[in-house]
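**Student:** Handing you a structure now.
The values are calculated or read from the model by the stated rules, or taken from the named source; none is laboratory data. Only a predicted model underlies this, so the values are computations on that prediction, with no experimental measurement involved. Glycine gets a Cβ as well: all are built from the backbone with ideal geometry, and neighbour counts include every protein chain shown. Accessible surface is based on the protein model in full, side chains and every heavy atom, while ligands, DNA and RNA are left aside. Shrake-Rupley method; radii C 1.70, N 1.55, O 1.52, S 1.80 Å.
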Amino acid sequence: MAEVAVSIVVEKLSEMVVEQAVNAVSVLHGVRDDVVNLKNELQWMQCFLREADAKQDQTQLLRMWVSEIRDLAFESEQLIESYLYKTSSSQTRFHRFFRSFHLYELPRRIQKLRSRIHDVSQKRETYGLVQGQGQNSNTKEILRYWRQPSPYSEEEFVIELEDDMGFLLSQLLTHNTRHRHVVSIVGMGGLGKTTLAKKLYNHTKIHNHFDCRAWVYVSKEFRRRDILQGILKDAGRDNEMERLREEDLVKLLHTVLDEKRYLIVLDDIWSMEVWDSLESAFPRGKMGSKVMLTTRNREVALYAGGGGGTITNSAPHHLRTLTEDESLRLLCNKAFPERERGSGSNSIIPPELENLARDIVVKCGGLPLAVVVVGGLLSRKGCSKEEWMRVVQNITWHLLKGQDRISGILALSYNDLPSHLKSCFLYSGLFPEAMNIHTKKLIRLWIAEGFLPQEGEETAEGVAEKCLNEMIGRCMIQVGSVSSLGRVKTIRIHDLLRDLSVSKGKDEYFLNIYHGSSLMDSSSSSSSSSQSNRSRRQAVHSCYESYNFLKHNAHHSRSLLFFNREYNADTERKLKFLQEKKLNFMYRKFKLLRVLELDGVRVVCLPNTIGDLIQLRYLGLRKTNLEQELPLSIGNLQNLQTLDLRYCCFLKRIPNVIWKMVSLRHLLLYTPFDSPDSFHLRLDTLSNLQSLPYIEAGSWIEDGLAKMSNLRQLGIYELSGKTVRSVLSIAQGLHHLHSLSLSLKSEEEEFPILMQLSQCTNLHKLSLNGKIKKLPDPHEFPPNLIKLTLHNSYLQMDSISKLERLPQLKMLVLGKGAYDWPELRFSGEGFSELRILRLNVLRELEEWRVEEGGMPRVEHIVINRCEKLKKIPEGVKGVNCLKEIKIIGMPVEFEHRLRTKDLLEFQHAPSVESTTDILANMKLNVVVGATNASIKRVPPTQRYPVSREVLKCACFVRQKGAKASSERSTRVVTKLAIFCCYLQGHKTVIEDLLKKSVQPGD
């Protein structure tokens, strides 16, 4: 409905009035009252549109009336934004000469628009289009509006289908075949295939059974390269993949998986062609290797299970719908999430609502997604019987549409959203299907678009976070991943809901998507072409030889987002792109853009005309090929809120014009290898800046840091010890600062002894990279510190006793060089709140002791390349909360002991995840005499220094078993043989080897 369009325009007009009110010279001077009156007129129309949205059975007359209102809203937006553009001080003298003319024209044109709005309003009354009584405002719902249950790590309420779970678990753990085995879950969209697959994938038995696991989401918009890279990343091989051709990726994946017991999950596979393109990458692997796929198409499951001759298959497992009782239990869990749960649904549902609840679940047809979405809707309605009856009546109306009943139920939940959440939901349709959307980026885009209402003194980011959590609570979006401390990092949208957002978005002229053949589709009819040309937001999902088709949208477009990353491996295409400069027209034509996202597009330079996009709020240049220096005209972007220059590897310098961007909130500069120079920047005008996570130390610290009063996140590198004192002194006055990262420029520098941190009461995260001669006492740390990261600190042994007394610490990272002593001891009362511990590259650590009672709440332990460490401490084995131990780059003996001895002694055994498989880290072919055998993967030589003879012996042992150990033996060979046999399940061979007394001189 047009309410979304009108709501956005009203918010934009409000934003413009506020922005111009604080400007020294306002271009709205003299016409401000006219703009405010226009905004008020549209707000009145918005109230009537809300009533129209509630009427599901709209007549043609009502649709025409709504369309007129939408057109008036767009015209109002176009009029004001064009005026601001034409009268901007950044324009030429020619434009400024006509400023008085535009100033005279604007009130007259506003009056015409108001007159037309009045006429449209009269039509409403003349034709009786919407009854005037309006909808009852639900006071309780408003009070509960900002309920924020966080964090979300997994789906909280899932109906356990024990028969399905047990059957599929047995299929995945079976050893009855020497070939890889395909397990398929089949069912319609929304039936819970992915949810069930996720529970299986994360099951402790699956964790411990498979040497390697990988999960990839395939979807309709399948790209073979992305799938291969996703599997390789999960398998621990994510280096330099973009430089490889697809066929090389297939070979690499085949090599990585060979001789492993692996589980690969292909979620949401749509066609047989997709399986054909991936099958060759999956080797036989070790006995018990599995490929699990979810699909809506039974034929795809049968084809994947029976093709190729090297696989065996079970019959596809058809996921059933929920029974009425199961549906009722799920509905009640979602509708009443805060009530205590007993053995049945009757324990949490009010008796007067039970019959209505049963009516609802019957009409949902046992589809979990429909039940969950309606449950999320009802969670906002409380226990009002009238509200529940209204939901039942609307569902009945949707069911009359036959095959569209599920989309109708989903649309019901969409219609219940407030107008600003409708905009946020529709925006998710711009992103490619199955994409994990980073929440920080999404929030910045929402703010740039102007979707969000002002909530008192709350920041726009704070309002956006609440909106995000409410949409998760309403089950309109799903949590993709969470950070180590529980913050939602990425979200996803179910494909059915995404279809709804795209469909609604196109109807509203909210969005248009270019993907593959969509160019032909949009030109196939004049009506659809006209619709796409009027859309406010354009998303490009495919690569094209030319982007001239976008010119038709320039007049109406406010956002342009590219999701068509052009890979470096495609050199010929890249060169063609550089020669054509095929996007340069964009900076001239799209004059009213608010969002320009070029993430991954191979742009080499920005033209000076980028400075003409004065309405721009968001400029994303991440992973572009920008070279040398940005144009000076970029300083004209005074409305810019987010400038993302991360991973611009060829960009050498940023011009000293950033200070002109007085509205800037997020300046993102991180590039891991060679960041562009930033020490020279003047930043003293950026009082709105919130995020500055990576910047080089410079004079801006003394001149401007104290003026960044809204700063939340700060990271500075190349610091001297003297400059650190200045930073910490200033940081005490930055009352909103919650994350601070400081890195010294050399090993000779030291952090000051008294670091003045106790006054930073809002600081939750602290990262220090550099020598710390004396660690501050616990009371000298920030009192609310949650996460502490230390690198190259060279701590004294007694420093640990200080760290373990930090009262709020939930995550500790001891990185490379942080602690260089052979013994690490945690006391029995230490780290009382710690949830996550990471020990990274502590090369001298040999023994780690945890006294009984230490780390009582720890849930995750990561041990990374602590090569001298012999074993897990005994004190950890009694921790009931421990869920996972992850080991990376550890010696073979350590992992072998952990899996075969230590794990059995835990009171509550955690899952173990390892990337140290001796056959996983390196591809190396060695021809061994007449046997012509080969070792395909061995550890890096710097980690496991072994001779060529040892490699030959290990290869021979793997092929010939225990005989080889007596023919060519050293202690190293025996260890290699034991581990190779262990991975292949040869327990008797291991026992035989352990009985042998092997001396170094044999």
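**Student:** Only one of Leu619, Leu632 is within 21 Å of Ser678 (Cβ to Cβ) and either in contact (Cβ under 8 Å) with a residue 40 or more places away in the chain or open to solvent by less than 50 Å² (accessible area, probe 1.4 Å) (or both); which?
**Tutor:** Working: Leu632 fails: either in contact (Cβ under 8 Å) with a residue 40 or more places away in the chain or open to solvent by less than 50 Å² (accessible area, probe 1.4 Å) (or both).
Of the residues listed, the single one that is within 21 Å of Ser678 (Cβ to Cβ) and either in contact (Cβ under 8 Å) with a residue 40 or more places away in the chain or open to solvent by less than 50 Å² (accessible area, probe 1.4 Å) (or both) is Leu619.
Residue by residue, here is whether (1) aliphatic (A, V, I, L, M); (2) at pLDDT 75 or above holds:
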residue: Gln60; (1), (2): no, no
residue: Ala73; (1), (2): yes, yes
residue: Leu84; (1), (2): yes, no
residue: Ser89; (1), (2): no, no
residue: Arg96; (1), (2): no, no
residue: Ser100; (1), (2): no, no
residue: Gln111; (1), (2): no, yes
residue: Asp119; (1), (2): no, yes
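**Student:** Do we find that Leu845 is surrounded by 21 or more Cβ atoms within 10 Å (Cβ to Cβ) and outside any loop (DSSP other than H, G, I, E, B) in this structure? Write out each step before concluding.
**Tutor:** Values: surrounded by 21 or more Cβ atoms within 10 Å (Cβ to Cβ): yes; outside any loop (DSSP other than H, G, I, E, B): no.
Here the answer is no, as Leu845 does not meet what is asked.
**Student:** Additional query: Checking the structure you have, find out if any residue of segment 868-883 is modelled with pLDDT under 90, touching a Lys or Arg at 6+ places or on another chain (Cβ under 7 Å) and open to solvent by 70 Å² or more (accessible area, probe 1.4 Å). Write out each step before concluding.
**Tutor:** Taking segment 868-883 as the starting set, the residues that turn out to be modelled with pLDDT under 90 are none.
Scanning segment 868-883, I find no residue that is modelled with pLDDT under 90, touching a Lys or Arg at 6+ places or on another chain (Cβ under 7 Å) and open to solvent by 70 Å² or more (accessible area, probe 1.4 Å), so the answer is no.
**Student:** Taking Phe673 and the conditions (1) within 23 Å of the chain's Cα centre (by Cα); (2) at pLDDT below 90, which numbered condition does it fall short on, given that it satisfies the others?
**Tutor:** (1)
**Student:** If you go through segment 273-291, how many residues are within 21 Å of Pro316 (Cα to Cα), touching a residue at least 40 places away in the same chain (Cβ under 8 Å) and surrounded by 21 or more Cβ atoms within 10 Å (Cβ to Cβ)?
**Tutor:** Final tally of qualifying residues: 7.
**Student:** Across segment 830-840, what is the total count of residues that are in a loop (DSSP other than H, G, I, E, B) and open to solvent by 10 Å² or more (accessible area, probe 1.4 Å)? Before the answer, list the steps.
**Tutor:** Of segment 830-840, the ones in a loop (DSSP other than H, G, I, E, B) are 830-835.
Right, trim to open to solvent by 10 Å² or more (accessible area, probe 1.4 Å) and you get 832-833, 835.
Going through segment 830-840 one residue at a time, the tally reaches 3.
**Student:** Sticking with this one: Output the residue which, of all residues in segment 196-242 that are assigned to a helix (DSSP H, G or I) and under 18 Å from the mean Cα position of the chain (by Cα), is surrounded by the fewest Cβ atoms within 10 Å (Cβ to Cβ).
**Tutor:** Of segment 196-242, the ones assigned to a helix (DSSP H, G or I) are 196-201, 204-209, 224-234, 241-242.
Narrowing further to those that are under 18 Å from the mean Cα position of the chain (by Cα): 198, 226-227, 229-231, 233-234.
Values: Lys198: 18, Asp226: 18, Ile227: 24, Gln229: 21, Gly230: 17, Ile231: 26, Lys233: 14, Asp234: 16.
Applying the filter and picking the extreme gives Lys233.
**Student:** Moving to a separate point now. How many residues does segment 650-662 contain that are farther than 15 Å from Ile695 by Cα and open to solvent by less than 60 Å² (accessible area, probe 1.4 Å)?
**Tutor:** Quick first cut of segment 650-662, residues farther than 15 Å from Ile695 by Cα only: 650, 657, 660-662.
From what's left, open to solvent by less than 60 Å² (accessible area, probe 1.4 Å): 657, 661.
Going through segment 650-662 one residue at a time, the tally reaches 2.
**Student:** So, Val482, is that one modelled with pLDDT of 85 or more and surrounded by 19 or more Cβ atoms within 10 Å (Cβ to Cβ) or not? Show your work before the answer.
**Tutor:** Numbers: modelled with pLDDT of 85 or more: yes; surrounded by 19 or more Cβ atoms within 10 Å (Cβ to Cβ): no.
Criteria not met by Val482.
**Student:** Limited to segment 468-502, what total is found for residues that are in contact (Cβ under 8 Å) with a residue 60 or more places away in the chain, assigned to a helix (DSSP H, G or I) and of a type outside the set (Ser, Thr, Tyr)?
**Tutor:** Going through segment 468-502 one residue at a time, the tally reaches 11.
**Student:** State all residues of segment 663-676 that are touching a strand residue (DSSP E or B) at 6+ places or on another chain (Cβ under 9 Å) and loosely packed, with under 15 Cβ neighbours inside 10 Å; if no residue qualifies, say none.
**Tutor:** In the first step, residues of segment 663-676 are kept if they are touching a strand residue (DSSP E or B) at 6+ places or on another chain (Cβ under 9 Å); the result is 664-671, 674-676.
The one that is touching a strand residue (DSSP E or B) at 6+ places or on another chain (Cβ under 9 Å) and loosely packed, with under 15 Cβ neighbours inside 10 Å: Asp674.
**Student:** For residues that are open to solvent by 10 Å² or more (accessible area, probe 1.4 Å), within 16 Å of Asp820 (Cβ to Cβ) and either outside any loop (DSSP other than H, G, I, E, B) or in contact (Cβ under 8 Å) with a residue 12 or more places away in the chain (or both), tally how many sit in segment 775-810.
**Tutor:** Total satisfying the criteria: 5.
**Student:** Let me ask something else. Please state which one of Glu338, Glu352, Glu326, Glu387 is over 30 Å from Ser289 (Cβ atoms), at pLDDT below 80 and open to solvent by 20 Å² or more (accessible area, probe 1.4 Å).
**Tutor:** Working: Glu352 fails: at pLDDT below 80; Glu326 fails: at pLDDT below 80; Glu387 fails: at pLDDT below 80.
Checking each option against the conditions leaves just Glu338.
**Student:** Is it true that Ser379 is polar (S, T, N, Q), at pLDDT 80 or above and in contact with a helix residue (DSSP H, G or I) (Cβ under 6 Å, 6 or more places away or on another chain)? Walk me through how you get there before you give the answer.
**Tutor:** Working: polar (S, T, N, Q): yes; at pLDDT 80 or above: yes; in contact with a helix residue (DSSP H, G or I) (Cβ under 6 Å, 6 or more places away or on another chain): yes.
When the stated conditions are applied, Ser379 passes them.
**Student:** Among the residues of segment 166-195, which ones are open to solvent by 40 Å² or more (accessible area, probe 1.4 Å) and of a type in the set (Lys, Arg)?
**Tutor:** Passing the criteria: only Arg178.
**Student:** State whether the residues of segment 851-863 include one that is more than 26 Å from Asp234 (Cβ to Cβ), of a type in the set (Gly, Ala, Ser) and open to solvent by 30 Å² or more (accessible area, probe 1.4 Å).
**Tutor:** Within segment 851-863, the first condition is being more than 26 Å from Asp234 (Cβ to Cβ), and the residues that meet it are 851-857.
Filter once more, keeping what is of a type in the set (Gly, Ala, Ser): 853-854.
Restricting the remaining residues to those that are open to solvent by 30 Å² or more (accessible area, probe 1.4 Å) gives 853.
Yes, segment 851-863 has at least one match.
**Student:** Would you mention how many residues in segment 440-463 are in contact (Cβ under 8 Å) with a residue 24 or more places away in the chain and either touching a Pro at 6+ places or on another chain (Cβ under 8 Å) or open to solvent by less than 10 Å² (accessible area, probe 1.4 Å) (or both)?
**Tutor:** Residues meeting the conditions: 6.
**Student:** Which ones in segment 735-774 are touching a strand residue (DSSP E or B) at 6+ places or on another chain (Cβ under 9 Å), part of a loop (DSSP other than H, G, I, E, B) and open to solvent by less than 20 Å² (accessible area, probe 1.4 Å)?
**Tutor:** The answer is Leu737, Phe751, Met755, Leu757, Cys760, Leu763, Gly770, Ile772.
**Student:** What about Ser423, is it of a type in the set (S, T, N, Q), assigned to a helix (DSSP H, G or I) and over 18 Å from the mean Cα position of the chain (by Cα)? Walk me through it before giving the result.
**Tutor:** Values: of a type in the set (S, T, N, Q): yes; assigned to a helix (DSSP H, G or I): yes; over 18 Å from the mean Cα position of the chain (by Cα): yes.
Spelling it out, Ser423 is indeed of a type in the set (S, T, N, Q), assigned to a helix (DSSP H, G or I) and over 18 Å from the mean Cα position of the chain (by Cα).
**Student:** Going through segment 460-491 one residue at a time, which ones are more than 11 Å from the chain's Cα centre (by Cα) and β-branched (Val, Ile, Thr)?
**Tutor:** Val463, Ile472, Ile477
**Student:** Can you find a residue in segment 884-894 that is part of a loop (DSSP other than H, G, I, E, B) and closer than 18 Å to Asn208 by Cβ?
**Tutor:** Of all residues in segment 884-894, those part of a loop (DSSP other than H, G, I, E, B) come to 889-891.
Keeping just the survivors that are closer than 18 Å to Asn208 by Cβ gives 890.
For segment 884-894, residues part of a loop (DSSP other than H, G, I, E, B) and closer than 18 Å to Asn208 by Cβ: present.
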